[in-house]
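As structure tokens, the structure follows; a few thoughts come after it.
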Amino acid sequence: MPDWSTLLAFSAATIALLLIPGPAVFYILQRSIADGREVGLASVAGLEVGDLIQASAAAGGLSAVLAASSTAFTVVKWVGAGYLIVTGILTLSRAPAQIDPDKPGVSIKAAFRQGVLVNALNPKTALFFLSIFPQFVRADEPNAGVQSLVLGMVFVLLATVFNGSYSLMASSMRHLLLRGRTLTIMRRWVSGGMFIGLGVMAAATGHRTTS
């Protein structure tokens, strides 16, 4: 079981990730703005099933691999950190595509199915579990799998709260969000800066071992 300081630090890193508008947030906004609250929340439910798939995969195998090889840990850390930083730079360098509220809507079931696929294959979430998540697991302890599972559940819980809030806010402010530059600033400048910040965090953190 992770200690409280680890849980708080992991929660902070997770919240930083969830504040970055990535594929999941863009999908929530598209469904909530175009199709309304019920379809938006159905998409959130699907997204969290996708998050659960990624968290389970991390809990099931990542800790054992990293415990067995400090070289593997270092490679994963630097590749993940580099990718996050490059993604941040690219995000800053180009304007995001516009959300189209007139795009044909989908049913609740279709929104759920699409949500599962979006987050099960979400590169932003995958990179988090490869580059940030391992920093919080004491991989050389016997209960490393339990630590990973608990942290994965914390991730899914926080993602549910944040993504559900995005959907509720977007569906209630659908007309306002399509006016002005606020959404563009969030998707480009805030996203790019936070990707770079997470990359620096991943690069600066060393392999966690027992005290």
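The values are calculated or read from the model by the stated rules, or taken from the named source; none is laboratory data. The structure displayed is predicted, hence computed values, not measured ones. Backbone-built Cβ (ideal geometry, glycine too); neighbour counts: all protein chains shown.
Of a type in the set (A, V, I, L, M), in a helix (DSSP H, G or I), surrounded by 15 or more Cβ atoms within 10 Å (Cβ to Cβ) and modelled with pLDDT of 65 or more, is that true of residue 59? Talk me through it step by step, then tell me what you get.
On the way: of a type in the set (A, V, I, L, M): yes; in a helix (DSSP H, G or I): yes; surrounded by 15 or more Cβ atoms within 10 Å (Cβ to Cβ): yes; modelled with pLDDT of 65 or more: yes.
Against the criterion (of a type in the set (A, V, I, L, M), in a helix (DSSP H, G or I), surrounded by 15 or more Cβ atoms within 10 Å (Cβ to Cβ) and modelled with pLDDT of 65 or more), residue 59 qualifies.
Being at pLDDT below 80 and closer than 25 Å to residue 57 by Cβ, is that true of even one residue in segment 101-121?
To start, the set of residues in segment 101-121 that are at pLDDT below 80 comprises 101-106, 118, 121.
Still in the list and also closer than 25 Å to residue 57 by Cβ: 118, 121.
Yes, segment 101-121 contains a residue that is at pLDDT below 80 and closer than 25 Å to residue 57 by Cβ.
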(Q) If I ask for residues that are under 28 Å from residue 135 (Cα atoms), in a helix (DSSP H, G or I) and modelled with pLDDT under 90, which ones from segment 14-49 would you list? (A) 16, 17, 18, 23, 24, 25, 26
Q. Which condition does residue 80 not pass, out of (1) of a type outside the set (Phe, Trp, Tyr); (2) surrounded by 20 or more Cβ atoms within 10 Å (Cβ to Cβ); (3) at pLDDT 70 or above, if it passes all the others?
A. (3)
Q) Which residues, counting only those in segment 161-196, are at pLDDT 75 or above and either surrounded by fewer than 17 Cβ atoms within 10 Å (Cβ to Cβ) or in contact with a His (Cβ under 8 Å, 6 or more places away or on another chain) (or both)? A) 161, 165, 168, 169, 172, 173, 189, 193
